[in-house]
Amino acid sequence: RQAQPCLDEVEIFTTGTTPRNVALATHGTKVTSSSNLPGYEIHQLKHVNDGRYGNSASWISNGAGKGWVLFEFPEAIEIDRVLWSRDRPADGRFSDRLATRYRIEVGMSADNLHVVATANDRQPFGSASATSARVTSNEQERAEVERLNARQASLNETL
């Protein structure tokens, strides 16, 4: 049996020198979903863009193994990146309901969307990172990957 997908936060950042998260509810963003798991105050659609992370403020679809969230902005924006998570803190306890298959679509209206990214654009869930997989023979690149991995670990600790 497949569980319903869960998202604790979705962030959509603009392009430019000072990217901002326009997905936040405070920016007038309208959010709708395919369905919402009933009966749980901590798992409501309003939590998908409230700026809080973790299971105690998340959205869960009521569809086993499927669901979608649609963000509508009050004005046209240029998107740089989309981030989402399920129980984001580094010490997050939950690994169930993780959305590993996805499709991101954009457009000027909900009935005129086109695909810009899918799960097929990524390494399979649970596999080695794309960078680590490519860097096998060049010692300088391997050292740089190790340095970046250490920096990432340090930043994750700081977070």
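If you scan region 102-135, which residues turn out to be at pLDDT below 80 and assigned to a loop (DSSP other than H, G, I, E, B)?
Arg122, Gln123, Pro124, Phe125, Gly126, Ser127, Ala128, Ser129, Val135
Pick out the one residue from Asp87, Asp96 that is open to solvent by less than 40 Å² (accessible area, probe 1.4 Å), of a type outside the set (Lys, Arg), under 30 Å from Thr158 (Cβ atoms) and part of a loop (DSSP other than H, G, I, E, B).
Details: Asp96 fails: open to solvent by less than 40 Å² (accessible area, probe 1.4 Å).
Matching residue, one of Asp87, Asp96: Asp87.
Restricting attention to region 47-75, report how many residues are closer than 18 Å to Ala3 by Cα and surrounded by fewer than 12 Cβ atoms within 10 Å (Cβ to Cβ).
1
Would you confirm whether or not region 34-46 contains a residue that is surrounded by fewer than 17 Cβ atoms within 10 Å (Cβ to Cβ), under 18 Å from the mean Cα position of the chain (by Cα) and not polar (S, T, N, Q)?
Yes, region 34-46 contains at least one residue that is surrounded by fewer than 17 Cβ atoms within 10 Å (Cβ to Cβ), under 18 Å from the mean Cα position of the chain (by Cα) and not polar (S, T, N, Q).
The values are calculated or read from the model by the stated rules, or taken from the named source; none is laboratory data. This structure is a prediction, so every number in the text was calculated from the model and none was measured. Here the Cβ is made from the backbone with ideal geometry for all residues, glycine too, and neighbour counts use every protein chain on show. To get the accessible areas, we keep the full protein, side chains included, count just its heavy atoms, and leave off ligands, DNA and RNA. Shrake-Rupley method; radii C 1.70, N 1.55, O 1.52, S 1.80 Å.
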